[in-house]
Each structure stands twice: as structure tokens, then as C-alpha cells.
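S.K.: The structure is given below, and queries will be raised subsequently.
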Amino acid sequence: MLDPYDRRHLMEILRPPEGYSLDFAIGTTFSLDLLALLTTPLSFTIFEAECESRTPDPLALFESLRRYAGKICIFCHAGRIHIPKEYGQPFYSLLEGSVFQALPQSGDGSFHPKIWALRYTSLNEPVAYRFLCLSRNLTYDRSWDTALVFDGILADRENAFASNHPIGDFLASLPGMVEEGLPEDLQNRINRMQYEIRRVAFDLPSGFEKVAFHPLGIDNKKANPISGRIDRMLVVSPFLTESSLNRLASLGKESVLVSRLDSMQKVPADCLRRFSELFCLKDDAILEEDGSDNANPGPAPTHIETEQAFVEDNLDGLHVKLYVADAGREGRIWTGSANATDAAFRRNIEFLVELRGKKKYCGVDAVLNGGKETEDGKLAGLRILLDPVAISDVPIIDENEPLKHLANEARNALVKAGLSARVSQDADEHFSIFIDGGISYIPDEASVTCRPITLPKARAIHLSAGLIIHAEFKQLLVREISAFFAFDLTVRSGGKSLTEGFVLKLPLEGAPEDRYERILRDMLKDKSQVLRLMLLILSLERGSDPADILAEGSGFAEAWKWRTGEPPGIVPLFECMVRAVARDPQRIDELNSLIQDLKGHLETRDLLPDGLDEIWGPIWEARKMMGGVVHEEN
């Protein structure tokens, strides 16, 4: 976390420990990129090579979503979901049960925490937990952030660890921030995790001796965790307010501030002079684009459109929220989601973690100057990424602030309008979506259009304030049905205009119950694809002896490497069936569901691989003899 050369991707730190598989994951984020969430389930499968590809195999993506979308629960600030560029992407519908829009109960702050709590299970080992405290949102923004990772084992004890109560309290508070509530099964899973995580013996990161967890904004908790003995302080925050900086500067002497240049230019000079040094990130500190950015998974989109997202999102550069203090011989570090602003510490829902250790390892100088030499002999601290900043006596005024205020008014009105969507089927196998509800207020300076995210902007419908909304989208295919709706908002004032786009997930009624099966059938074009999907379904979980699954001669190893050209044939499929019967019979049940679904439809029954009946019969009979079969053969 403190070494700028120790860089990791979210995919890597979500990956289950060796021998474990994901049981359930809870994540929180201010803003959400649906494309980033779409590829997240790949972290929990043995298809992890797909994470490194700019165009992951759509079948592998579909199978990972089918397995894990229901095991992921993401909370984001309502009205802060990005509009995807791809409007021909049907896979987003598989995420509808994973995304929940949250608002602080106070009503005037933001839901801004960035944490993950993950529960992993194994066949022979105790339940394991991982807790992540991040400074970045679940997006593809290319910025410098911090990632703090705690691993631990669920202890066999009745009493909780007192230090973990803040994590449990935070998880328990999440459902209460979702206006429409959560399904009962998800609520039960969250209840179990908030109970168990209090009994997890987390390992401290190397070099630290104490830890304290600080959720902000829940249960009227207003106490500022950055308090106590502080002799000197390093503040790293992309966003700033004058009063917050004045408080932080007053806590110690010769303190240091690192921020974005544009943020510091808005702060009065007298406030900045309270810090002994000012820095911003070097222009060349942005990482070169790599294969993990801007992934384009799934079927090729029909079209791509450019949307303007929120000003606070898509940050290149500094996005770290880090507070480091010298306290005698001790060093103290707070990291997480809270900016050095009044909103972060007074109104928002945030999460910070405090770590303590020896000052020489985690004090201000240790973080700034480092203790590890690079190849050229220089110390690898944060300072090598920074440029000094000169104070300007004339603060810069953001001329777009009135437009941003109007845009926020309009967005908040749409978030609180309580809109919902209904699906009806037409006589010609097409569908229509109706938006129900009313919008009490939209500023006169604002105009709003709306559409399902599966449709292009040309098919958007204009919305106006009123008690009854008349919005209907006709002649839709099954893959165009979505609970995610894109809202394009434009505000005009004083001869200027500002455009923002965002997504709301609306309650959706009347969608076909077999919508996901229809999407899959629409993807399958030939026997080669069906065979590959069967191999994916038969692949075991990580906790089912993954090293042996991929062993040479197992059948799956050779089959998995195949992507194009001649398929591997029916023999590897049979070998994988045999292994699944012995080690994970659920895979056989799910394969049977696919086989029966394809057989039951005229357009797909001829796509089943040649020779399947000969090998499938004995396998299915063996599975039925084991008992507990969920799906019987038609």
C-alpha cells in the first residue's frame, strides 16, 4: 500500500485463496461502471486468463455471470451509475439482481464508501473472509489509489472480536439505505456475514501493530477518527474544502498537503500557507494503458456512443485518500474513501481504516521518502511521483458551479421520483416497456431524456415533470429488455450548458421468466460454441482441487486452451463429465438444464454436439443414482 511500485488490480485482490471458492461478496462504491462489474465474476472462476484479455470470451463471461452474479451484492450511490458506451450488450440484464442504489438516511450527503467483504468456502478448510478498504470506485478510471487488504479465518467462538464490530455494524446498515429494500435471501446472507465477520481473526498487514475500523455516517456517528496525538501530518486528497484543511493543519506542525492542482487552486492562499509543503502528482505519473483497461467483454456491441459522465468520475491522476501522522515514536495511517472535505466527515457515508506502527516504517517521512531503493539508487517513496506547487493569491472560481448545482437538483429529483417499469408482450413476439410514476419537479433550465441502456440515444423519450409519466418503448426484442435506464440530462443557464448522463435501476415487472435462457440461446450459433459452453459449465469451482482440474491429461486442460478452429472433440467432454460426477454433481445438473433447454427449442436442438447422446445417457443415470437431482430429464 505504501510502495508506489507495488501495483495490483482489483481482479487480483478479489481472487479466492488457494483451495477456496467465493460464497458471497458485498461491495460498496460511490459511482459504478457496469462494464467493470460485468467482468468482476471472472475473478472468482478458473477462467481468470479472461481477465487479461481485451475481448474476453463471451461464453466464459456468461458462465461466470450465471454462477456468481447472484453471489455479488453491490451498493452504489443512487444516480451514479455510468451509462455504458455499448448499447447492444445484453449481458447487463444479468446484473440486475446484483446492483442496489443507496442513499444516506440523512438525505443530504453521499453514499461514498469503497469496501468489499468477501466470504470464501473450502471443502476441507474453515470459512475464510477478506475485507478490502479502497479509495477507488468500481470503475475503469485510470488513477492512483490505495488498496488495503485483510485476510482472516472465521474463529470457532461465541464472543465477537470487539475491534470488528464497526465492520459488522456497517454491513448491517446497508440494507436500510436502499429504499425498495432487498430480497429476503440477500438480506439473510448479509445478516450472516455481519454476524460472522465480527468473529474473524484478521491478519494485520506487515509492519503494522494495531488497526481500527471507522465507518462514518451510520447510526448518527459523527466523531472524526483523525484525532488524538498528532505531531505532524501528511494529507493526500483529490478534493478539498477550506474548513477541513484548516482543521487538519491545526492538528500538527510542518504538515504536508498532496492534492490535485485544480483543487488547490480553489482554496484560499492563507489556508494553503498553513502547510509547509504542497505537492501535486507529476504529469508523467499516470500509468501507461494496459490490457486491463477498457475491456470490451461479451458479444460485439452493435454501436458505441460517447456519454459525458460526472465531473468527479473518470479521474486521471490522484484519487488517493490518505492521512499519515507522526505521533511520538508511532506512525498512524488512515486510508479509505473520505476526502479532506466537510461533506466527507459530516454528511456522507464513508469508511476509513486506521493502522498504527513504528514511525520509521509508517510515519510521514517513511511514506514520503520511502525506505526501499529503486534500480537507480533512489528511495521509492511517494515523493518521486510528486511535483511542488506554488501558492496563487487568487483562487480560481469554477464558473460551471451554478450549472452543476442545477444538474444535481434535476438528478436528485429523478432519483427520488420512484419511477418503475412494466413489460408487456406483443402479439408478434416483441415486447413493450412502460415507465410508470411521476416526477414532482425538474428545474426549468433542465431537459431530460430516458431509454433502456440496451437502446441507442435515438430511441430515447423526453421526460417532463408531472404526476403521470407517459413513456413507452415499443417493438423490443428479449435482449433489449432491461431494468437499467439511461437518463441524459442537459442544463442551460447564462448562455452555457452542461450535459451529464447516468443510469437508474428501476423496479421491473412482467419480464419473461426465461429471459436469460433466451439471451443464451440467441448467442449460440453452432455446435462448436455449444461444446465450449458445456466444457465451461463442467469446469469445477476453485475449491474443488483446482490444481488437479488443470492437470495434463485431464481433458479439461486441452479443451480450455481451445478458442477457435477445430473443437477438441467429444472425448474431453466425456472426461470432464466423469470428473464432475465424482467431485461436483451440481455441474451435471446444470449441464442437464442446458441440454434439455436446447432440445426443447426448434432453433437450437440441432446445435448439440454429435455423439452426445451416447455419452450423456450413462452419465445422467449415474447422477440420478446419487440422488438430489434438481432438474429431471424431459
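The values are calculated or read from the model by the stated rules, or taken from the named source; none is laboratory data. Since the structure is predicted, the reported quantities are computational estimates derived from the model, not experimental observations. All Cβ positions, glycine included, derive from the backbone under ideal geometry; neighbour counts span all protein chains shown.
Yes/no per residue for (1) farther than 30 Å from VAL267 by Cα; (2) modelled with pLDDT under 95; (3) of a type outside the set (A, V, I, L, M):
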| residue | (1), (2), (3) |
| --- | --- |
| SER392 | no, yes, yes |
| ASP398 | no, yes, yes |
| LEU403 | no, yes, no |
| ASP426 | yes, yes, yes |
| ILE453 | yes, no, no |
| GLY466 | yes, yes, yes |
| GLU472 | yes, yes, yes |
| VAL478 | yes, yes, no |
| PHE487 | yes, no, yes |
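S.K.: Filter segment 127-151 down to the residues that are over 16 Å from the mean Cα position of the chain (by Cα) and more than 15 Å from THR335 (Cβ to Cβ) and list them by number.
M.R.: Scanning segment 127-151 gives VAL127, ALA128, TYR129, ASP151.
S.K.: For ARG411, are the conditions met, namely being charged (D, E, K, R), under 26 Å from LEU35 (Cα atoms) and buried (at least 18 other Cβ atoms within 10 Å of the Cβ)?
M.R.: Values: charged (D, E, K, R): yes; under 26 Å from LEU35 (Cα atoms): yes; buried (at least 18 other Cβ atoms within 10 Å of the Cβ): yes.
It is true that ARG411 is charged (D, E, K, R), under 26 Å from LEU35 (Cα atoms) and buried (at least 18 other Cβ atoms within 10 Å of the Cβ).
S.K.: Can you tell me which of (1) out of contact with any Gly (no Cβ under 9 Å at 6 or more places or on another chain); (2) crowded, with 21+ Cβ neighbours inside 10 Å; (3) in contact (Cβ under 8 Å) with a residue 40 or more places away in the chain is the one ARG451 doesn't meet?
M.R.: For ARG451, the failing item is (3).
S.K.: Would you confirm whether any residue within segment 580-601 is part of a loop (DSSP other than H, G, I, E, B), surrounded by 15 or more Cβ atoms within 10 Å (Cβ to Cβ) and acidic (Asp, Glu)?
M.R.: Checked against the condition, which is being part of a loop (DSSP other than H, G, I, E, B), surrounded by 15 or more Cβ atoms within 10 Å (Cβ to Cβ) and acidic (Asp, Glu), segment 580-601 yields at least one hit.
S.K.: Now for a different question. Filter segment 315-339 down to residues that are among the aliphatic types (A, V, I, L, M) and either touching a Pro at 6+ places or on another chain (Cβ under 6 Å) or assigned to a loop (DSSP other than H, G, I, E, B) (or both) and give me whichever is modelled with the highest pLDDT.
M.R.: Step one: filter segment 315-339 for residues among the aliphatic types (A, V, I, L, M), giving 315, 318, 320, 322, 324-325, 327, 333, 338.
Remaining after also requiring either touching a Pro at 6+ places or on another chain (Cβ under 6 Å) or assigned to a loop (DSSP other than H, G, I, E, B) (or both): 315, 318, 320, 338.
Working: LEU315: 47, LEU318: 88, VAL320: 93, ALA338: 97.
Of everything passing the filter in segment 315-339, ALA338 is modelled with the highest pLDDT.
S.K.: Within segment 57-67, is there a residue that is buried (at least 20 other Cβ atoms within 10 Å of the Cβ), without any contact (Cβ under 8 Å) to a residue 24 or more places away in the chain, of a type in the set (Ser, Thr, Tyr) and over 30 Å from ALA201 (Cβ atoms)?
M.R.: yes
S.K.: A follow-up question, please. Could you name every one of the strands (runs of 3 or more DSSP E) located completely within segment 370-478 that has at least 1 residues being over 21 Å from GLU180 (Cα atoms) and of a type in the set (D, E, K, R)? Walk me through how you get there before you give the answer.
M.R.: Numbers: elements: 386-388, 420-425, 431-436, 446-452, 461-463, 471-476.
Qualifying strands (runs of 3 or more DSSP E): 386-388, 446-452, 471-476.
S.K.: Now a separate question. Quick check, is GLU52 more than 15 Å from the chain's Cα centre (by Cα), under 24 Å from LYS114 (Cα atoms) and either surrounded by 23 or more Cβ atoms within 10 Å (Cβ to Cβ) or modelled with pLDDT under 90 (or both)?
M.R.: For GLU52, the condition - more than 15 Å from the chain's Cα centre (by Cα), under 24 Å from LYS114 (Cα atoms) and either surrounded by 23 or more Cβ atoms within 10 Å (Cβ to Cβ) or modelled with pLDDT under 90 (or both) - is met.
S.K.: Could I ask something else about it? Looking at (1) modelled with pLDDT of 90 or more; (2) touching a strand residue (DSSP E or B) at 6+ places or on another chain (Cβ under 8 Å); (3) not in a strand (DSSP E or B), which is the only condition SER497 fails?
M.R.: (3)
S.K.: Determine if segment 340-349 includes at least one residue that is of a type in the set (A, V, I, L, M, F, W, C), part of a loop (DSSP other than H, G, I, E, B) and modelled with pLDDT of 95 or more.
M.R.: No: zero hits.
S.K.: Residues of segment 621-634 being part of a helix (DSSP H, G or I) and either at pLDDT 95 or above or surrounded by fewer than 18 Cβ atoms within 10 Å (Cβ to Cβ) (or both), which ones? Before you say what the answer is, go through the steps one by one.
M.R.: Filtering segment 621-634 down to residues part of a helix (DSSP H, G or I) leaves 621-626.
Scanning segment 621-634 gives GLU621, ALA622, LYS624, MET625, MET626.
S.K.: Name the single residue, out of those in segment 113-129 being over 15 Å from GLN194 (Cβ atoms) and charged (D, E, K, R), that is surrounded by the most Cβ atoms within 10 Å (Cβ to Cβ).
M.R.: Our first condition is that a residue be over 15 Å from GLN194 (Cβ atoms); within segment 113-129, this holds for 114, 120-126, 128.
Adding the requirement that they be charged (D, E, K, R) leaves 114, 125.
Working: LYS114: 24, GLU125: 14.
Among them, the one singled out is LYS114.
S.K.: Which residues, counting only those in segment 195-211, are in a helix (DSSP H, G or I) and either touching a Leu at 6+ places or on another chain (Cβ under 8 Å) or hydrophobic (A, V, I, L, M, F, W, C) (or both)? If you could, list the steps in order and put the result at the bottom.
M.R.: First pass over segment 195-211, keeping only residues in a helix (DSSP H, G or I): 195-199.
Those that are in a helix (DSSP H, G or I) and either touching a Leu at 6+ places or on another chain (Cβ under 8 Å) or hydrophobic (A, V, I, L, M, F, W, C) (or both): GLU196, ILE197, ARG199.
S.K.: Hey, another quick one. Residues in segment 82-91: is at least one of a type in the set (S, T, N, Q) and not in a loop (DSSP other than H, G, I, E, B)?
M.R.: no
S.K.: Look through SER424, SER440, SER432 and report the one residue that is loosely packed, with under 14 Cβ neighbours inside 10 Å and in contact with a Phe, Trp or Tyr (Cβ under 9 Å, 6 or more places away or on another chain).
M.R.: Working: SER440 fails: in contact with a Phe, Trp or Tyr (Cβ under 9 Å, 6 or more places away or on another chain); SER432 fails: loosely packed, with under 14 Cβ neighbours inside 10 Å.
Criteria check complete, one pass: SER424.
S.K.: For segment 489-519, how many residues are touching an Asp or Glu at 6+ places or on another chain (Cβ under 8 Å) and closer than 30 Å to ILE619 by Cα?
M.R.: 1
S.K.: In addition: For segment 493-500, state whether one or more residues are surrounded by 18 or more Cβ atoms within 10 Å (Cβ to Cβ), closer than 19 Å to HIS405 by Cα and touching a residue at least 60 places away in the same chain (Cβ under 8 Å).
M.R.: First, pick out the residues of segment 493-500 that are surrounded by 18 or more Cβ atoms within 10 Å (Cβ to Cβ): 498, 500.
If we keep only those that are closer than 19 Å to HIS405 by Cα as well, we get 498, 500.
Of the ones still in play, those that are also touching a residue at least 60 places away in the same chain (Cβ under 8 Å) are 498, 500.
Looking for residues that are surrounded by 18 or more Cβ atoms within 10 Å (Cβ to Cβ), closer than 19 Å to HIS405 by Cα and touching a residue at least 60 places away in the same chain (Cβ under 8 Å), one finds at least one in segment 493-500, hence yes.
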